[in-house]
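Take a look at the structure below.
No value in this document is a laboratory result; all are computed from the given coordinates. Small disclaimer: the values here were computed from a predicted structure and weren't measured. Here the Cβ positions follow ideal geometry from the backbone for every residue, glycine too, while neighbour counts run over all protein chains shown.
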Number of protein chains: 2
Amino acid sequence: MSLLNILTSLDFPQPFQIKLPDGSVHTHGQGKPDFVIHFKTEAALSDVMRQASLGFGEAYMREEIDVEGDIHDAVTLGYRALQGGIKPSFSEKIKFLIAYLSRRNTREGSRKNIEAHYDLGNDFYALWLDKEMQYTCAYFKTPGDTLEKAQIQKLEHVCRKVRLKKGDTVVEAGCGWGAFAVYAARKYGVKVRSYNISKEQIEFARARAKKLGIKSSQVEYVLDDYRTIPDSGKKYDKFVSIGMLEHVGLENYRTLYDIIATSTKEGSRAMVHSIGRIAPKKPDPWLEKYIFPGCYIPSLSEMITPVESTDRDLHVVDVENLRYHYALTLDHWARRLEKNVKTIRDQYGEAFVRMFRLYLRSAAAGFRNDELLLYQVLLSNGRDNSAPLTRQAWYK
Amino acid sequence: MSLLNILTSLDFPQPFQIKLPDGSVHTHGQGKPDFVIHFKTEAALSDVMRQASLGFGEAYMREEIDVEGDIHDAVTLGYRALQGGIKPSFSEKIKFLIAYLSRRNTREGSRKNIEAHYDLGNDFYALWLDKEMQYTCAYFKTPGDTLEKAQIQKLEHVCRKVRLKKGDTVVEAGCGWGAFAVYAARKYGVKVRSYNISKEQIEFARARAKKLGIKSSQVEYVLDDYRTIPDSGKKYDKFVSIGMLEHVGLENYRTLYDIIATSTKEGSRAMVHSIGRIAPKKPDPWLEKYIFPGCYIPSLSEMITPVESTDRDLHVVDVENLRYHYALTLDHWARRLEKNVKTIRDQYGEAFVRMFRLYLRSAAAGFRNDELLLYQVLLSNGRDNSAPLTRQAWYK
């Protein structure tokens, strides 16, 4: 089947058009099309058939595919096409596997993988993230919440779940630009030690904390791998990790949970917040190559299986799926990116703009269509029989 | 090491005494002992060493072990001893495995296993369960809630989680004495079809619904295996299973989730409420032999792994661990059992009383000590993008 036949034979609820290199236009559905996908070269058509999402992404980046309308919806069609017959060829799969394995998350590998994305420049991220520079799923009480508000609500939601209280010591694995530590320290009077291997992020976090007058005895940003957390021998009251697990790699989950068990006190709570998916599956080849090298998006069972061990008493007390919140978050980011598109294009070029647009819109489409989920997994390291019986306090 | 040496060498927070068959008394800890375990025969001592919990349970049932004080605390010591050196011998393990396999949950096997416990007599269960005859974990908003109140709160909590609304059709797998169906039908105006293979429970449920004036067009109790749910070809709005998974057997979980996926509509919610444990482990041999033949208590990963399949879109939206609620529920049941102990002893004999006492108190100790957990796993069959963003409505 040709790509055109596949796309127009799908049971897709929105009307759309496909333009082919020969100038022909093919309409699906009734009424004004919501979007138009323009395949401008024969190479683009054959790349999509051979390489699926990787072919689409690369052809879009080199302007051989254009999309009129929201690329979010075109990608949603693409997700259906991936279920409906478009598969990477065997040789493409092998190529992906070899490249993917070369980006494994050894300590050195993790550093390279993280630098590749998070050290693109703080100024760039400041153009489309919220004021606090939070690059993880926000928490919306209503769909109309501003991004700024929803990001603060996320921090508060995490603080409540781990039951922060004045004087607690908290260790954070993967702190981004440092927003959680600042919020927790100021709102709850806790001491936070935050780890991150992105040099640019840690420098930004330190400068910001200093500017806010927060002492390093209250918030300490450590430029190091989460695997060094137990080196100090300290036992913390709480453990928090927001949006790091995606970069940890499946083979290291047991190590991460061992670290939680050994570096927290009996009865401590730990939050692991991560993108997830419905069933075990390799990451999307385009996303892994261009956006998050070395990433792995786990299913919930993959997140939870390595928690379980009869040698320790780490166990799940709560799981919340915030899937739709991430779609809303990504909508905000994409709107802000488009507002600043000229600035970004001038500095980074059109291919970069298209890469980021495709990434943000395809991720939003993924969360809307259950391709991606967002799990907050709350753990307890041993029992705490004095914990509140219900979750009511989180909703006051 | 002798049993005495093992028990008195454990780091156990409560003071206790061990009495041996020779009349000697051995004290552990300071102050008045919280409990005394009296091993009255040499056989009891050697049975515990060889058969661990099975040896203890059988010796207690035949009055060769007595416990003064709350047997809950003696069992807690027992849990420590199981971690601290008391292990069933290899031949005992093999014996258990052979017996366990003979009680597998084929359709015929399940019927026998369920009859063995649930058809002991409705009058017996009425002596210590709540008015609605709910034989599953209650939901306490405060520790002082009455059992009656907490059991109604559990039903309401489940109804809110699956988002029952007027006119919904609901299928229930494993309905006990029928309380959920009655509550949901009367409070939410839904139609419920409830399956159970216990004849006595179904007859009770039908009689009760009739007495309450509930029409069979609103609540229908079906005496059949959950595996026959898809036979009618109906697509329900909601799926509920409270306390059945323990009897399903690990090998049938995928079948259960297939049934949820095929017998509910796109975007439907399903509740699977089950006892769980921290890590995969065979059931306790005494409990499996005397109380719940064929039972298997899964870890959370064992519950969730078979949910995941790229062939369908069933996924977890929420997990709540209600461990401590079950300890409180079991405390209530045990108190009511003791209140009626003479009636029960007259009808069933002392061994039966001891069997039920040990079961209820050891289970409470298990939930207090993280040996046992209680998971409410909420699933979505495909996406529902109109679902509320937060869980706030459950806590109003």
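Of note:
- Residue of A:GLY55, A:GLY144, A:GLY366 that the Gaussian network model of chain A assigns the largest fluctuation, springs spanning Cα pairs under 10 Å: A:GLY144
- Each principal axis of the Cα cloud of the range A:3-88 was taken in turn, and the coordinate range along them, longest first, works out to 30, 26, 21 Å.
- Förster-model FRET efficiency, 30 Å R0, A:LEU97 and A:HIS26, C-beta, rounded to 0.05: 0.30
- Shape analysis of the range B:166-265 places it in the oblate category; the axes a ≥ b ≥ c from the Cα gyration tensor give an a/c of at least 1.5, with a/b not above b/c.
- Residues B:LYS215 and B:SER89, FRET efficiency given R0 of 51 Å [Cβ-Cβ distance, rounded to 0.05]: 0.35
- Residues listed by number, the range A:302-320, amide nitrogen under 19 Å from A:LYS235 label point at 7 Å toward C-beta: A:311-315
- Whether the protein assembly as shown is rounded, prolate or oblate, judged on the alpha carbon gyration tensor where a/c under 1.5 counts as rounded: prolate
- Residue-averaged 222 nm ellipticity for chain A, from DSSP H runs of 4+ at -39500 (n - 2.57), nearest 500: -13000 deg cm²/dmol
- Unit charges on C-beta of K, R, D, E only; dipole of the range B:3-88, Debye: 220
- Range of Cα positions in chain A per principal axis (Å), largest first: 68, 46, 42
- Spatially, the range B:319-355 and the range A:34-94 are offset by 62 Å when compared through their Cα centroids.
- B:LEU250-A:LYS342 FRET efficiency (beta carbon distance; Förster radius 51 Å; 0.05 resolution): 0.30
- Derived scalar couplings ³J(HN,Hα) [the range B:288-302; Karplus, 6.51 cos²θ - 1.76 cosθ + 1.60; whole Hz; x for Gly, Pro]: 5, 6, 9, 10, 10, x, x, 6, 9, 9, x, 7, 4, 5, 5
- Cα centroid separation - the range B:249-291 against the range A:151-192, whole Å: 36
- Set of the range B:7-23 residues, backbone N closer than 13 Å to the point 7 Å along the Cα-Cβ line of B:VAL36: B:16-21, B:23
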